[in-house]
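Chemist: This is the structure, below, for whatever I ask next.
The values are calculated or read from the model by the stated rules, or taken from the named source; none is laboratory data. These figures come from a predicted structure and were not determined experimentally. Cβ sites come from the backbone with ideal geometry, for glycine too, and all protein chains shown count toward neighbours. These area figures cover heavy atoms from the full protein model, side chains too; ligands, DNA and RNA do not enter into them. Shrake-Rupley method; radii C 1.70, N 1.55, O 1.52, S 1.80 Å.
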Amino acid sequence: MQIAITRDVIESARIMEEMKAGSDGAVCLFDGIVRNNTRGRQTLFLDYEAYEVMALQQMKGLAAEAIAKFGVRDVALVHRLGRLEIGESSVLIVVASAHRGAAFDACRWLIDTLKKTVPIWKKEQFVDGAVWADGEPFPEEIVPAAVVEG
Amino acid sequence: MRLRVLYFGVLKDIFGRDGEEVELPAGSSVEMLTKMLRERARGGSIAADDLWRSVAVAVNQEYVQGAVVLQDRDEVALLPPVSGGWDEVWG
């Protein structure tokens, strides 16, 4: 597994090549990039920040879970932090597997789960101000009743 | 007991800092800490109830439920809904 949090440009092509092995029949790559607008509002750039120690731990856990759950051979999971310009990659997921079905399924599951549970946030800088992006709600088992009732 | 509390995302803006040391009586739970912090945020006139309903808590880098009892020197992180990765709404 290749799991990392970086402030540098993500080298997607290199990582994908490194992931290939003789027993693989498929490599599925998901490249999440910065879009130039949110609901039509023009975005200038994004600032990503994380609770790094925990985010890395969660990413390792997700990669191991994907391998066990979908039977894929290997997973690479890289997230970038700091200021990202339009078109730059914020997250890269590479899944290597003997068969394409498992590779697609694992890749989709990894990005969807990462977005809900890995403690990384982005602040969107618009032409007319900045806001923290709305996150997806945490899965039910994560949000503590404490804060709900406060 | 003494706790290290960390704020992330919009909570960092609400509390005006990325973390602080907090004193609580021994035996206090996560719920007692979050109630105390929420009252303090409300005192600062920022009563974002919707946000507080969606905040998760991690103790020493593990997600926990409200009933968990805190220990001296614990690192407690308040985490607003995460938004890493890319945006699916229009993606």
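Chemist: With charges set only on the Cβ (+1 for Lys and Arg, -1 for Asp and Glu), what does the dipole of segment A:1-148 come to about its Cα centre, in debye to the nearest 20? Write out the running numbers ahead of the final one.
Modeler: Numbers: 17 positive and 21 negative charges, 32 e Å.
Taking the Cα centre of segment A:1-148 as origin, the dipole is about 160 debye.
Chemist: Please list, in order, the residues from segment A:33-54 whose amide nitrogen is less than 19 Å from a point placed 7 Å along the Cα→Cβ vector of B:R40.
Modeler: Once the point is set 7 Å along Cα→Cβ of B:R40, nothing inside segment A:33-54 turns out to lie under 19 Å by backbone N.
Chemist: With a Förster radius of 25 Å, plug the Cβ-Cβ distance of B:R2 and A:E52 into 1/(1 + (r/R0)^6) and report the FRET value to the nearest 0.05. All intermediate terms of the calculation are to be shown ahead of the outcome.
Modeler: Values: r = 23 Å, r/R0 = 0.92.
Calculated value: 0.65.
Chemist: Just A:G40, A:G25, A:G135 to compare: in a GNM of chain A, with alpha carbon springs under 10 Å, which one fluctuates most?
Modeler: Looking only at A:G40, A:G25, A:G135, the largest GNM fluctuation is found for A:G40.
Chemist: Using only the alpha carbons, work out the radius of gyration and Dmax of chain B in angstrom.
Modeler: 13.7, 48
Chemist: Rg/Rh for chain A: what does it come to with C-alpha atoms and Rh from Kirkwood?
Modeler: Values: Rg = 16.4 Å, Rh = 16.4 Å.
For chain A, the value is 1.00.
Chemist: Take the Cβ-Cβ distance between A:K20 and A:A64 as r, set R0 to 25 Å, and report the resulting FRET efficiency rounded to the nearest 0.05.
Modeler: Values: r = 20 Å, r/R0 = 0.81.
Given R0 = 25 Å and the Cβ-Cβ separation, E is 0.80.
Chemist: As I understand it, the value is the acute angle between the Cα axis of helix B:30-43 and the longest principal axis of the Cα atoms of chain B; what does it come to in degrees, rounded to 10?
Modeler: It is inclined by approximately 70 degrees.
Chemist: Okay, next question. Report the GluC sites (Glu not before Pro) located in segment A:49-117 that are in a DSSP loop and have at most 16 other Cβ atoms inside 10 Å of their Cβ, or state none. Let's see the in-between values first.
Modeler: Values: sites: A:E49, A:E52, A:E65, A:E85, A:E88; in loops: A:E88.
Of the GluC sites (Glu not before Pro), the ones in loops of segment A:49-117 whose Cβ has at most 16 other Cβ atoms within 10 Å are A:E88.
Chemist: So how much slack lies between A:I86 and A:F45, counting 0.36 nm per residue of separation and subtracting their Cα-Cα distance, in nm?
Modeler: Numbers: separation 41, 0.36 × 41 = 14.76 nm, distance 0.60 nm.
Gain in length upon complete extension: 14.2 nm.
Chemist: Let me ask you something else. Provide the gained length on full extension for the span B:V69 to B:D13, in nm with one decimal, where the gain is 0.36 nm per separating residue minus the Cα-Cα distance. Present the calculation step by step, with values, prior to reporting the outcome.
Modeler: Values: separation 56, 0.36 × 56 = 20.16 nm, distance 2.71 nm.
Once the chain is fully extended between B:V69 and B:D13, it gains 17.4 nm.
Chemist: Select from segment A:121-144 all residues whose loss of accessible area on going from the chain by itself to the full protein assembly reaches 50 Å² or more (probe 1.4 Å).
Modeler: A:W121, A:K122, A:W132, A:F138, A:I142, A:P144
Chemist: Using the Kirkwood radius built from alpha carbon pairs, what does the Stokes-Einstein equation give as D for segment A:1-43 at 10 °C and 1.306 mPa s, in µm² per second? Walk me through the numbers on the way to the answer.
Modeler: Numbers: Rh = 13.3 Å.
The diffusion coefficient I find is 120 µm²/s.
Chemist: In whole percent, and with a 1.4 Å probe on the protein chains, what portion of the accessible area of the protein assembly as shown is carbon and sulfur? Could you put the intermediate results ahead of the total?
Modeler: Values: 5670 of 11130 Å².
That fraction is 51 percent.
Chemist: Roughly how tilted is helix A:100-117, in degrees to the nearest 10 and between 0 and 90, from the longest Cα axis of chain A?
Modeler: For A:100-117 against chain A, the angle is about 30 degrees.
Chemist: Say we join alpha carbon atoms closer than 10 Å with springs in a Gaussian network model of chain B; which of B:A26, B:A41, B:A56 then has the biggest fluctuation?
Modeler: Highest fluctuation among the options: B:A26.
Chemist: For chain A, modelled as a GNM with alpha-carbon contacts under 10 angstrom, which of A:G129, A:G101, A:G82 fluctuates the most?
Modeler: A:G129
Chemist: Checking an interface number: how much accessible area is buried between B and A, summed over both chains, with a 1.4 Å probe, in Å² rounded to 100?
Modeler: Chain pair B/A: roughly 3600 Å² of buried accessible area.
Chemist: Right, here's the next one. Got a number for the accessible area of A:K122? Probe 1.4 Å, square angstrom, nearest 10.
Modeler: That residue has around 10 Å² of solvent-accessible surface.
Chemist: Only protein chains counted, 1.4 angstrom probe. Which residues of segment B:1-31 are at least 10 Å² less accessible in the assembly than when their chain is isolated?
Modeler: B:F8, B:G9, B:V10, B:K12, B:D13, B:E31
Chemist: Let me ask another. Determine the per residue accessible area of the protein assembly as shown with all protein chains present and a 1.4 angstrom probe, expressed in square angstrom.
Modeler: On the way: 11130 Å² over 241 residues.
Normalised by residue count, the accessible surface of the protein assembly as shown is 46 Å².
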